[in-house]
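**Student:** To start, I am sharing the structure in question, which I have written as structure tokens.
Laboratory data are not the source of any read-out in this text; all were calculated from the coordinates shown. This one's a predicted model, so the numbers in the text were calculated from it and none came from an experiment. So basically every Cβ, Gly included, is an ideal-geometry build from the backbone, and we count neighbours across all protein chains shown.
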Amino acid sequence: MDPNTLRALFPIFERQVRGQSIAYLDNAATTHKPRCVLEAIQRHYAEHNANVHRAAHLLSQEASLAYDAARKTAAGFLNAASPSEIVFVRGATEGINLVAYSFLRARLAPGDEILLTLTEHHSNIVPWQLLAQQTGACLQVVGVDAQGDLLWEDFEQKLSQKTRLFALVHVSNAIGVRHPVKKLIARAHAQGVPVLLDACQSVPHGPVDVQDLDADFLVFSGHKVFGPTGIGVLYAKKAHLDAMLPYQSGGGMVEHVTFEHTRFRPAPERFEAGTPNICGAIALAEALRFYKQIATPAAFAHEEALIQALLEGLRSLPGLRIIGNPRERVGLVSFCLEGIHAHDVDTLLDHQSAVAIRSGHHCAQPLMRHFGLTSSVRASVSFYNTLEDIHRLLEGLLKVRMRLG
Ligand code: PMP
């Protein structure tokens with residue numbers, strides 16, 4: 001679909017920012033929502049609102065059916081073997097915490113190791129760090145080279161008899177590197193190590209097939225793939241889920257309760273205590289269907305063309321440093337303007353040109369430190385971006401340079 005036709009499906013693009021249409025290049029932080037997702041939210045609350053799995057009345061049956069169907073849609077989206085391998089969570093962050101506390105905690109002894117990479121988002125560092133502190137385990141971190149590619153030998157060396165889990169990002173939200181995850185997972189499995197994949201930035205830019213990758217766990221957030229905030233997916237192999245302890249407890253996840261003993265429901269309900277985000281799951285399913293429809297090879301080629309145009313334009317700007325030059329790059333570019341703070345670039349682009357980008361450490365401080373930085377500017381694309389958005393960014397950067405350089 002032509003990006004301008006696609007934009008017409010997103011009400012937010014009807015909005016003016018400081019008298020101009022918005023050039024939204026902050027898609028790695030969150031994507032905008034198409035009308036069909038907004039309508040699904042409205043429809044749910046206006047026509048079917050009820051709690052799930054509890055009442056016999058018609059509205060509850062409709063809400064329950066829609067919630068179950070959403071799980072099926074999410075399973076199909078990731079090619080999971082069964083919908084029971086899908087747990088609805090608040091987002092990737094909650095999914096990672098769930099695996100940390102329900103899966104790994106019971107398997108850790110002092111001296112055990114959790115393997116991460118230098119390219120992780122804080123949400124795939126801090127939960128493991130806390131868990132390590134509580135159990136006497138420690139973190140090992142696979143390094144990257146100057147381009148941002150993982151050091152395979154370092155990975156081989158740090159994957160050890162003591163490794164209990166390898167948790168890594170598929171595509172880095174800070175520099176856009178896509179790791180060769182199928183190969184990494186196969187190697188970890190050869191050592192008997194389960195793998196958690198943070199797919200927040202890969203899911204919006206290409207098919208992700210959990211069976212093909214053979215991931216043990218995978219998380220993504222709905223809001224980065226045209227869905228609402230507050231809903232995300234944890235995929236886990238059934239054998240893992242069946243062996244895991246509850247994460248939170250309360251109603252909805254139990255079969256039988258006495259004051260002496262509680263029998264839990266099977267997965268995935270065992271991991272969804274309390275009233276779930278019913279509408280969020282339904283709207284996410286709508287978003288995933290929408291995404292499947294628009295994510296054609298031509299749409300991915302369009303994203304790639306935008307990234308190439310951006311890289312080319314940035315390379316022609318004097319005093320501009322692009323952060324990393326990975327073998328495979330997906331969806332975004334991070335850069336710095338010599339002598340100008342990233343936050344000033346961000347603010348001026350917004351004020352002068354209505355260009356929305358992100359500045360800061362991108363919740364990846366260890367990786368930024370590796371590049372000798374505390375912050376960078378990040379531009380990230382989606383299918384609805386146009387070459388005009390890229391040109392507005394590049395022109396905006398020239399203006400920033402003239403004003404502050
Ligand atoms: N991992 C990556 C790679 C991300 O980009 C993000 C969001 N920036 C997260 C994890 C956390 O996602 P959320 O805040 O939606 O839980």
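**Student:** 5 Å is the cut-off here: which amide hydrogens, built 1.01 Å from N in the peptide plane, fall below it relative to Gln140, excluding neighbours closer than 5 in sequence?
**Tutor:** Amide H to amide H, under 5 Å and 5 or more residues apart or across chains, Gln140 pairs with Ile114, Leu115, Leu116.
**Student:** Long-range amide H contacts for Asp26: which residues qualify at under 5 Å (H placed 1.01 Å from N, peptide plane, sequence gap of 5 or more or a different chain)?
**Tutor:** For Asp26, whose amide H was placed from the backbone, the distant partners under 5 Å are Ser380.
**Student:** Let me ask something else about it. HN-Hα J couplings of the range 345-358 from phi, Karplus 6.51/-1.76/1.60, θ = phi - 60°, integer Hz, Gly and Pro as x?
**Tutor:** Once rounded to whole Hz, the list reads 4, 4, 5, 5, 4, 5, 5, 7, 10, 6, 9, 9, 10, 10.
**Student:** Still on this model: Based on the Cβ-Cβ distance of Ala81 and Asp344, what FRET efficiency does E = 1/(1 + (r/R0)^6) give at R0 = 45 Å, to the nearest 0.05?
**Tutor:** 0.35
**Student:** Right, another one. Quick one: dipole size for the range 38-293, taken about the Cα centre, charges +1 on Lys/Arg Cβ and -1 on Asp/Glu Cβ, in debye to the nearest 20.
**Tutor:** Dipole magnitude for the range 38-293 comes out near 240 debye.
**Student:** Of the beta bridges DSSP finds with both residues in the chain, what % are antiparallel, to the nearest 5?
**Tutor:** DSSP beta bridges in the chain are roughly 60 percent antiparallel.
**Student:** Now a separate question. Through the Karplus equation 6.51 cos²θ - 1.76 cosθ + 1.60, θ set to phi - 60°, convert the phi angles of the range 119-135 into ³J(HN,Hα) values in whole Hz; use x for Gly and Pro.
**Tutor:** 8, 6, 6, 3, 5, 10, 10, 4, x, 6, 5, 4, 5, 4, 4, 7, 10
**Student:** Picking from His57, Thr30, Gln42, whose Cα lies most toward the positive end of the charge dipole for the range 1-62 (charges on Cβ: Lys, Arg +1; Asp, Glu -1)?
**Tutor:** Going by the Cα projections, it comes out as Thr30.
**Student:** Could the peptides 30-38, 378-386 be put in order, highest first, of the mean number of other beta-carbon atoms found within 10 Å of their residues?
**Tutor:** Ranking the peptides 30-38, 378-386 by packing returns 378-386, 30-38.
**Student:** Tell me the mean residue ellipticity at 222 nm calculated for the chain from its helices only (DSSP H runs of n ≥ 4, each -39500 (n - 2.57), averaged over every residue, nearest 500).
**Tutor:** Mean residue ellipticity at 222 nm (helix-derived): -11000 deg cm²/dmol.
**Student:** When the Debye formula is applied to the Cα atoms of the range 62-107, each taken as the same point scatterer, what base-10 log of I(q)/I(0) results at q = 0.18, 0.28, 0.32 Å⁻¹?
**Tutor:** -0.64, -0.98, -1.04
**Student:** Then there's this: Mind checking which of Phe259, Phe77, Phe217 has the largest fluctuation in a GNM of the chain, springs on alpha carbons under 10 Å?
**Tutor:** In the Gaussian network model the winner is Phe259.
**Student:** Running a GNM on the chain with Cα contacts under 10 Å, which residue among Leu348, Leu245, Leu59 ends up with the highest mean-square fluctuation?
**Tutor:** Leu59
**Student:** Using 0.36 nm per residue, how much length does the chain from Glu304 to Gln211 gain when fully extended, once their Cα-Cα distance is taken away?
**Tutor:** Extending this stretch completely gives an extra 30.9 nm.
**Student:** Also, quick follow-up: For Phe264, list long-range residues whose amide hydrogen, built 1.01 Å from N in the peptide plane, is under 5 Å from its own amide hydrogen.
**Tutor:** The answer is Glu255.
**Student:** May I pose another question? What is the Cα coordinate range of the range 38-293 on the first, second and third principal axes, sorted by size from largest, in whole angstrom?
**Tutor:** Extents along the principal axes, in whole Å: 59, 50, 27.
**Student:** Pop a pseudo-label 7 angstrom from the Cα along the beta-carbon direction at both Tyr45 and Asp2 and give the gap in nm to one decimal.
**Tutor:** So the two model labels end up 3.5 nm from each other.
**Student:** Leu245 to Leu130: extension gain in nm, 0.36 nm per residue of separation minus the Cα-Cα distance?
**Tutor:** Fully extending the segment from Leu245 to Leu130 adds 39.6 nm.
**Student:** Any idea how far apart Ala29 and Val141 come out in nm if each label point goes 7 Å out from Cα toward Cβ?
**Tutor:** 2.5 nm
**Student:** Hey, what do the phi angles of the range 11-28 turn into as Karplus ³J(HN,Hα) couplings, whole Hz, using 6.51/-1.76/1.60 and θ = phi - 60°, x for Gly and Pro?
**Tutor:** Values per residue, Gly and Pro as x: x, 4, 6, 7, 7, 9, 10, 6, x, 10, 5, 8, 9, 8, 10, 10, 6, 5 Hz.
**Student:** Still on this structure, I have one more. Given a cut-off of 27 Å, name the pairs among Lys33/Lys183; Lys182/Lys238; Lys237/Lys292; Lys292/Lys399 whose C-alpha atoms lie farther apart than that in the structure shown.
**Tutor:** From the list (Lys33/Lys183; Lys182/Lys238; Lys237/Lys292; Lys292/Lys399), the Cα-Cα distance tops 27 Å for Lys33/Lys183; Lys292/Lys399.
**Student:** Could you identify which residue out of Leu310, Leu130, Leu367 has the top mean-square fluctuation in a GNM of the chain using Cα springs shorter than 10 Å?
**Tutor:** Leu130
**Student:** Please report, in whole Å, how far the alpha carbons of the range 327-405 spread along each principal axis, starting with the longest.
**Tutor:** In descending order, the Cα extents are 32, 32, 20 Å.
**Student:** Expressed in nm to one decimal, what extension gain is obtained for the pair Leu65 and Arg107 from 0.36 nm per residue of sequence separation less their Cα-Cα distance?
**Tutor:** 11.5 nm
**Student:** Taking the highest mean first, how do the peptides 230-238, 49-57, 334-342, 187-195 order by number of other beta carbon atoms within 10 angstrom per residue?
**Tutor:** So the order, starting with the most tightly packed, is 230-238, 334-342, 187-195, 49-57.
**Student:** Roughly what would the spin-label model give for Ala55 and His261, points 7 Å off Cα along C-beta, in nm?
**Tutor:** Each label point is offset 7 Å from its Cα along the Cβ direction, giving 3.4 nm.
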